[in-house]
Amino acid sequence: MKNGLQRFERVAIVGAGRVGATCAYALLLKRLASEIVLICASPEHAEGEAMDLNHGMLFTNPAKIWAGDYQDCAQAGIVVLAAGVAQQPGESRMDLLKRNVALFQEIVPRIVQYTRDAILIVVTNPVDVLTHVTWEISGLPASQVIGSGTVLDTVRFRYLLSQQFHVEPRSVHAFVIGEHGDSQVVVWSLANIAGIRLDDYARLNGETLNPETKAWIADNTRSAAYEVIRRKGATFYAIAAGVVRIVEAITHNENSVLTVSSRIKSFVGMNSVCLSLPSVVNRQGIVRVLNLPLAEEEQAALENSARTIGEAIGSLGVHHG
Ligand SMILES: NC(=O)c1ccc[n+]([C@@H]2O[C@H](COP(=O)([O-])OP(=O)(O)OC[C@H]3O[C@@H](n4cnc5c(N)ncnc54)[C@H](O)[C@@H]3O)[C@@H](O)[C@H]2O)c1
């Protein structure tokens, strides 16, 4: 890298709003970057965030944090895209489509003008469509364009299961796939605790998992963002923790399995669609998307989810390869 920087020392964050700034804070606390640059449509806001983050450095971790410009992406190993409008109470993620696509048509070329080496992590909603748009506009290999996808829905699902079964979320293995949105698919058939399928776990360990409880957990996983936004106007802590987890898997070359969104070729009659499936993430980005032994109804729901995203991509009228 230029400037003597190691590849993943610098993380650039485009959009220094609630999500972007919280990502910066979480990266700092986890000591995952020695340089964090905030790039925003409001440079003054980015400056304020950088100042605030810098002031706390004595208690957090040493790093260089500043409000910068697109040229600072040149030395970044990772660029997080968190710019754009967020949902208002009652709005779905798809309601944001046109506004945020227009914004990405402006942002993505400016990033790739300075780097074609960085891994791009897309967070802005609707994240699957924007991951596709980013892949398309950037011309980067699909492995380098990662959407945060259902990473967040997966942790919500695991959290709710952890409460139901009185174990901590890391001890529950389960995931949500498909769209980060209303058509997401909760995969019950592969969910387990200590390798024990949930129905068996409940039966053998004095817990309950009846159809009503399952429906409640799936609904609450799906509607979590609406509920948070209704109460506090936005969600940003859990997503920032999720983005930092993706950054960690990349920078530490972990081969971690995460439910991130990426370009899937030739799926349900579509050339190309971005959606989340458990995927292996390391310093190359997404190196493998796992094939899953889904139950029949889960496979059908995944295909429906793919069509929902595909229709949204199609409505943009851009060609995809
Ligand atoms: N993927 C997920 O799981 C997830 C979770 C939460 C939020 N989000 C999404 O993240 C996005 C950001 O949410 P937020 O709450 O931080 O919003 P916010 O309004 O607080 O911040 C958005 C920021 O983007 C900046 N911005 C706007 N246009 C820009 C441009 N052209 N170039 C650079 N910066 C620009 C704004 O100045 C603002 O600082 C939203 O789309 C939201 O829906 C995604």
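Some observations on this one:
- Filter result for R288 (in contact with a Ser or Thr (Cβ under 9 Å, 6 or more places away or on another chain), over 21 Å from A82 (Cα atoms), surrounded by fewer than 21 Cβ atoms within 10 Å (Cβ to Cβ) and not aromatic (F, W, Y)): yes
- Just so you know, in segment 49-69 the residues that are aliphatic (A, V, I, L, M) and not in a helix (DSSP H, G or I) include one that is farthest from E9 (Cα to Cα), and it is L58.
- For segment 178-200, the set of residues classified as surrounded by fewer than 21 Cβ atoms within 10 Å (Cβ to Cβ), assigned to a loop (DSSP other than H, G, I, E, B) and out of contact with any His (no Cβ under 9 Å at 6 or more places or on another chain) consists of D182, S183, W188, S189, listed by residue number.
- Listed conditions (1) without any contact (Cβ under 8 Å) to a residue 40 or more places away in the chain; (2) within 12 Å of the ligand (Cβ to nearest atom); (3) in contact with a Leu (Cβ under 6 Å, 6 or more places away or on another chain) are all met by T124, apart from (1).
- For segment 1-43, filtered to residues that are modelled with pLDDT under 95 and part of a helix (DSSP H, G or I), the residue that is surrounded by the most Cβ atoms within 10 Å (Cβ to Cβ) is N3.
- Screening segment 259-274 for residues that are modelled with pLDDT of 95 or more and more than 13 Å from the ligand (Cβ to nearest atom) and picking the one that is farthest from R170 (Cα to Cα) gives V273.
- Scanning segment 16-49 for residues that are closer than 24 Å to N125 by Cα and among the small types (G, A, S) returns A16, G17, G20, A21, A24, A26, A41, S42, A46.
- Helices (runs of 4 or more DSSP H) (entirely within segment 203-265) containing at least 3 residues that are closer than 27 Å to G84 by Cα, β-branched (V, I, T) and out of contact with any Pro (no Cβ under 7 Å at 6 or more places or on another chain): 237-251
- So L161, is it touching a strand residue (DSSP E or B) at 6+ places or on another chain (Cβ under 8 Å) and part of a loop (DSSP other than H, G, I, E, B): no
- For L161: the one exception among (1) of a type outside the set (V, I, T); (2) away from the ligand (no atom under 14 Å from the Cβ); (3) at positive phi: (3)
- Pairs with Cβ under 8 Å, 6+ apart, first in segment 12-31 and in contact (Cβ under 8 Å) with a residue 12 or more places away in the chain and within 17 Å of G68 (Cα to Cα), second among the polar types (S, T, N, Q) and near the ligand (Cβ under 8 Å from one of its atoms): G15/T124; A16/S42
- Which listed residue, of L97, L81, is modelled with pLDDT under 95 and either over 20 Å from A21 (Cα atoms) or near the ligand (Cβ under 10 Å from one of its atoms) (or both): L97
The values are calculated or read from the model by the stated rules, or taken from the named source; none is laboratory data. It should be emphasised that the depicted structure is a prediction, and the values quoted were computed from it without experimental measurement. Neighbour counts are summed over all protein chains in view; Cβ atoms, including those assigned to glycine, are modelled from backbone coordinates with ideal geometry.
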